[in-house]
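Participant: Submitted below is the structure of interest, expressed as structure tokens.
The values are calculated or read from the model by the stated rules, or taken from the named source; none is laboratory data. Note that this is a predicted model, so its numbers are computed, not measured. Note that each Cβ is placed from the backbone with ideal geometry, even for glycine, and that neighbours are counted across all protein chains shown.
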Amino acid sequence: MMSLLEKLTVCHPDSERAGSIAAFFSKPPVIRTEDLVLRPMKMSDASDIFHYASDPEVAKYVLWDPHRSIADTRAYIRYVRSLYHRALPSSWAVEYRPAGTVIGSIGFMGYSDTHHAAEVGYSFSREYWNRGLATQALGAVIRTAFEQIPGLNRIEAQHDVRNPSSGRVMEKCGMRMEGILRNRLMNKNEFIDVALYAILKSEL
């Protein structure tokens, strides 16, 4: 979904800190959980990503449309990789370790150095819903971001109120719902209400 942190801040007052932040976004660290590996996307992931990104049910409550062809998926991966090259907030591919296949993506929708805050978002293949994997991934990203992004104080996430299961993932990771934003976004030709969640570094 569109970030609540509407404008990325590119001016960092502390050059050493700025370098650390840029390094994090340009080379997202590989993160391992019990069942998952979160790693930078590769062009060879296109087939796996197309499998879930072409599913209308997966795309139902997010701001992107289902991929219509593998060319759409390749264009998406090129875009994500261009964000790496520009040291901007981007996404990890989520690889399911037992199968060695990519089953989703998770990453940063926005980052503000001024407010020391970031927003995360995620999507997963329908075959892997309700198995605790999104919770594993989100929890790992929250911990890693607070540990490795200097000065980061707050991580936000939001979901379409018609998709409460996404909110339950956020809650399991320690995020608190802060309110409902009415008609916050236009998605697939209709205004939608979103629930805003957040966690502070002091609450980790």
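Participant: Assess whether Val141 counts as being surrounded by 16 or more Cβ atoms within 10 Å (Cβ to Cβ), out of contact with any Lys or Arg (no Cβ under 7 Å at 6 or more places or on another chain) and not in a strand (DSSP E or B).
Facilitator: yes
Participant: Considering only residues of segment 13-36 that are out of contact with any strand residue (DSSP E or B) (no Cβ under 8 Å at 6 or more places or on another chain) and of a type in the set (D, E, K, R), which is nearest to Val141 (Cα to Cα)?
Facilitator: If we take residues in segment 13-36 being out of contact with any strand residue (DSSP E or B) (no Cβ under 8 Å at 6 or more places or on another chain) and of a type in the set (D, E, K, R), then Glu34 is nearest to Val141 (Cα to Cα).
Participant: Another question about this same structure. Kindly indicate which of Ala93, Ala46, Ala87, Ala53 is at positive phi and either among the hydrophobic types (A, V, I, L, M, F, W, C) or in contact with a strand residue (DSSP E or B) (Cβ under 9 Å, 6 or more places away or on another chain) (or both).
Facilitator: Ala87
Participant: For Ser26, are the conditions met, namely being surrounded by fewer than 18 Cβ atoms within 10 Å (Cβ to Cβ) and modelled with pLDDT of 95 or more?
Facilitator: yes
Participant: Further question on the same structure: For Tyr79, state whether it is without any contact (Cβ under 8 Å) to a residue 24 or more places away in the chain and either over 27 Å from Asp193 (Cα atoms) or part of a strand (DSSP E or B) (or both).
Facilitator: Yes, satisfied.
Participant: Being in a strand (DSSP E or B), free of Cβ contacts under 8 Å to residues at least 60 places away in the same chain and aliphatic (A, V, I, L, M) is true for just one of Ala93, Ala46. Which residue is that?
Facilitator: Ala93
Participant: While we're here: I'd like to know if segment 172-185 contains one or more residues that are free of Cβ contacts under 8 Å to residues at least 12 places away in the same chain and either part of a strand (DSSP E or B) or among the β-branched types (Val, Ile, Thr) (or both).
Facilitator: yes
Participant: Still on this model: For segment 152-159, does any single residue satisfy the condition of being in contact with a Phe, Trp or Tyr (Cβ under 6 Å, 6 or more places away or on another chain), surrounded by fewer than 17 Cβ atoms within 10 Å (Cβ to Cβ) and more than 17 Å from Ala59 (Cα to Cα)?
Facilitator: The answer is no; no qualifying residue exists.
Participant: Only one of these conditions is not met by Arg32: (1) farther than 22 Å from Ala198 by Cβ; (2) modelled with pLDDT under 95. Which number is it?
Facilitator: Of the numbered conditions (1) farther than 22 Å from Ala198 by Cβ; (2) modelled with pLDDT under 95, the odd one out for Arg32 is (2).
Participant: A further question follows. Taking segment 96-138 on its own, how many of its residues are part of a helix (DSSP H, G or I), of a type outside the set (Gly, Ala, Ser) and buried (at least 17 other Cβ atoms within 10 Å of the Cβ)? Let's see the steps before the verdict.
Facilitator: So in segment 96-138, the residues part of a helix (DSSP H, G or I) come out as 126-128, 133-138.
Now drop any that are not of a type outside the set (Gly, Ala, Ser), which leaves 126-128, 133, 135-136, 138.
Pick out the ones that are also buried (at least 17 other Cβ atoms within 10 Å of the Cβ) and you get 128, 133, 136, 138.
Here the count works out to 4.
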